[in-house]
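One structure is given here, and the rest of the page talks about it.
The values are calculated or read from the model by the stated rules, or taken from the named source; none is laboratory data. Just so you know, these numbers come straight off a predicted model, no measurement behind them. Cβ sites come from the backbone with ideal geometry, for glycine too, and all protein chains shown count toward neighbours.
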Amino acid sequence: MSAPTHSRPHPAAARGVDIRLPWWAIVLPALAFVALLLLILNPADTQAAAGDPTLGHVLERAKELVLD
């Protein structure tokens, strides 16, 4: 014979949950994304690093599409 179980209401659900993120939880990932994007889209550095200029042309075209 099993005993009946009583479920208690979740205390956070009873009073309404207000979840807030600190400012840096939004700003730091955004800054990291922008920094990495700028590193990727700089065609001068990519052409100097690679012997094949195709990658530089692709990245330059992507930069034009993003900025226009």
Residues that are modelled with pLDDT under 80 and of a type in the set (Val, Ile, Thr), drawn from the range 21-52: THR46
Among (1) modelled with pLDDT of 70 or more; (2) touching an Asp or Glu at 6+ places or on another chain (Cβ under 7 Å) - the single one ASP18 does not satisfy: (2)
